[in-house]
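The values are calculated or read from the model by the stated rules, or taken from the named source; none is laboratory data. Since this is a predicted model, take the numbers as computed values, not measurements. Here the Cβ is made from the backbone with ideal geometry for all residues, glycine too, and neighbour counts use every protein chain on show.
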Amino acid sequence: MIRRLAIMAAVVAALGVLAPARVGAWGGGGHRLILERAIDSLPAPLRAAFDLERATLLAHASDPDLWRVAGFEDEAPRHFLDIDAYGPPPFSALPRDLGAAIEKYGPETVTKNGLLPWRAAEMRGRLVRAFEAHAAGQRYGRSNAVYLTAVLAHYVADAYQPFHAVLNYDGQLTNQHGIHARFEDELPTRFAARLTYAPKPPVALSETRDTVFEALASGAGLTDGVLAADRRAADGRAEYDDGYYEAFFAAVQPVLERRTSEAVTAVAGVILGAWEQAGRPDLSAPLPRPVQKIRGRGAR
Ligand SMILES: [Zn+2]
């Protein structure tokens, strides 16, 4: 049975139905949930400002995945880093400095295995500059800060999905095709009412790259357990039915809840850290209106 199931999954994957190999971490719903909880956990002035922008923030929570789906060529490797491609735990072979990593492994290998920590760090820098631009009275500072908050949150959340950290990212190496979406999307959707999250209050994080590296390293260590639970749940079944999902969920509920909660805490921490680095700009303050000259009638 398990064999037939695996073959079916392989056929579906070969047909391209599941093939968009690196589909959005946490699914769209997961990214919105993580960002929403992160906003809720921010200190009052920042939370109040983001409250007013909640709809905008949530609408853009998965934009980086859309960029990839839309075919922006450079986007695909920015959502993961297969840390086990560089050797076994504790995954110290890969330099965390991008230049040093490229020097050691070459740009092609580094790109192929994923760029997530550096992409997240880049977005953090952009967010700091947007906060600073707003503080300096620049016109698009505030709207950029809101947009980049959603974008940065996306990449940081991706780091907490364990299957964004390993070569066997979709179970394709162990005949468990589709595990990526079953874990990150199907479980949270089916069992939303039974999942509880307990994010810790955020601590302002003064950097993002190492936070992401550590999330990837710890995530890589979780995938064997999730894959084993998937095999046990699928054993003796012809398809991924309700019984499969009940069994799979029973086994991995704690890890799913913990990783989601950790993602919330980290997302809030990086946003808070960027805002503090920019000098805690007041996002609720209206920008001074530019002085307009009165033009003569008919002037355009
Ligand atoms: Zn993503």
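Could you say which residue among Leu152, Leu127, Leu167 is modelled with pLDDT of 95 or more, farther than 22 Å from Thr56 by Cα and not polar (S, T, N, Q)? Break it down stepwise before answering.
Values: Leu152 fails: farther than 22 Å from Thr56 by Cα; Leu127 fails: farther than 22 Å from Thr56 by Cα.
Of Leu152, Leu127, Leu167, the one residue that is modelled with pLDDT of 95 or more, farther than 22 Å from Thr56 by Cα and not polar (S, T, N, Q) is Leu167.
Among the criteria (1) under 20 Å from Gly269 (Cα atoms); (2) assigned to a helix (DSSP H, G or I); (3) in contact with a His (Cβ under 8 Å, 6 or more places away or on another chain), the one Ala61 does not fulfil is (2). The residues in the range 65-92 that are part of a helix (DSSP H, G or I) and either over 14 Å from Ala215 (Cβ atoms) or within 11 Å of the ligand (Cβ to nearest atom) (or both) can be counted, and the count is 12.
The residues on offer are Pro95, Pro45, and the sole one that is outside any helix (DSSP H, G or I) and surrounded by fewer than 21 Cβ atoms within 10 Å (Cβ to Cβ) is Pro95. Residues of the range 149-167 that are within 15 Å of the ligand (Cβ to nearest atom) and part of a helix (DSSP H, G or I): Ala150, Val151, Leu152, Ala153, His154, Tyr155, Val156, Ala157, Asp158, Pro162, Phe163, His164.
Evaluate the following for Leu58: is it of a type outside the set (S, T, N, Q), touching a helix residue (DSSP H, G or I) at 6+ places or on another chain (Cβ under 6 Å), within 16 Å of the ligand (Cβ to nearest atom) and within 30 Å of Ala278 (Cα to Cα)? Working first, answer last.
Numbers: of a type outside the set (S, T, N, Q): yes; touching a helix residue (DSSP H, G or I) at 6+ places or on another chain (Cβ under 6 Å): yes; within 16 Å of the ligand (Cβ to nearest atom): yes; within 30 Å of Ala278 (Cα to Cα): yes.
When the stated conditions are applied, Leu58 passes them.
Scanning the range 168-207 for residues that are loosely packed, with under 14 Cβ neighbours inside 10 Å, hydrophobic (A, V, I, L, M, F, W, C) and part of a loop (DSSP other than H, G, I, E, B), we see that the one that is farthest from the chain's Cα centre (by Cα) is Leu173.
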